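Working notes for the structure below.
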Amino acid sequence: MTNLKEKILPLSLTGLIILLDQIIKTFIVKNWPAHPRMIKDVFNNDFLLIYHVRNKAIAFGLGDKFPQSAQSVIFIIIPVLVLGFLVWYYLKSVEFTRLQRWAAAGIIGGGIGNVIDRIFRPDGVVDFISVKIFGLFGMERWPTFNLADSSVVVCCILLFVTVFLPDSKKKEVKVNE
């Protein structure tokens, strides 16, 4: 049985991701013009570039041509409902392992970070990280992203992987029988 402390502690990651995401985005907005030519080559080798772009759509620019009313529903209302369900399930469920709780908390933090942008930044979500992927998936560079996006993707992968890993507690019980 999961106690309250084990459920609440991972939510500190949620708060940290939201805070860092918004601080970094605010820094980018104030110090970097929203122009793809204003580039900072972090390692001087074209691998990691930092530049300020805005995305009114979702991943890979999907939905950019949707009417404004549809964008509001698809990119704000639906994510808020999904995040609300995830928070509710997170708090009510006893099925999550400790690692899965931390992964879910990271997903919630990243999701909230981008919803904040969609609600309070009329020019769209602030993206600023561009990584060279050397032709993988037919692209030289991965689409520009931000800390919230990274948190959602990494934590979703972690959550997905942990669902398919054998449960060590069940193994221990079988060994002891």
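Let me know the charge dipole size of the chain about its Cα centre in debye, to the nearest 20, where only the beta-carbon of Lys, Arg (+1) and Asp, Glu (-1) is charged.
240
Restricting to DSSP loop positions (anything but H, G, I, E, B) with no more than 13 other Cβ atoms inside 10 Å of their own Cβ, which trypsin sites (Lys or Arg not before Pro) remain in segment 9-70? Walk me through the intermediate numbers first.
On the way: sites: Lys25, Lys30, Arg37, Lys40, Arg54, Lys56, Lys65; in loops: Arg37, Lys56, Lys65.
Answer by residue number: Arg37, Lys65.
Among Asp149, Asp41, Asp127, which one shows the biggest mean-square fluctuation in a GNM of the chain, springs joining Cα atoms closer than 10 Å?
Top of the fluctuation ranking is Asp41.
For segment 68-173, just say rounded, prolate or oblate: build the C-alpha gyration tensor, square-root its eigenvalues into a ≥ b ≥ c, call rounded for a/c under 1.5, and beyond that prolate if a/b exceeds b/c, oblate if not. If you can, show how the numbers build up before the last one.
Numbers: a/c = 2.88, a/b = 1.37, b/c = 2.10.
Oblate, because a/c is 1.5 or more while a/b does not exceed b/c.
Name the most mobile residue of Leu83, Leu147, Leu165, meaning the one with the largest mean-square fluctuation, in a Gaussian network model of the chain with Cα contacts below 10 Å.
Leu165
Which helices count as membrane-span-like in the chain under these terms: full DSSP H, at least 20 Å along the axis by C-alpha, Kyte-Doolittle mean of 1.0 or more?
Membrane-span-like by this rule: 11-31, 78-92, 147-164.
As a test of the formula, what do you get for the chain when each DSSP H run with n ≥ 4 contributes -39,500 (n - 2.57) and the sum is divided by the residue count, at 222 nm and rounded to the nearest 500 deg cm²/dmol?
-17500 deg cm²/dmol
No value in this document is a laboratory result; all are computed from the given coordinates. Keep in mind the model is a prediction, meaning the values are calculated, not measured. A quick note on method: Cβ atoms are made from the backbone with ideal geometry, for glycine too, and the neighbour counts reach across all protein chains shown.
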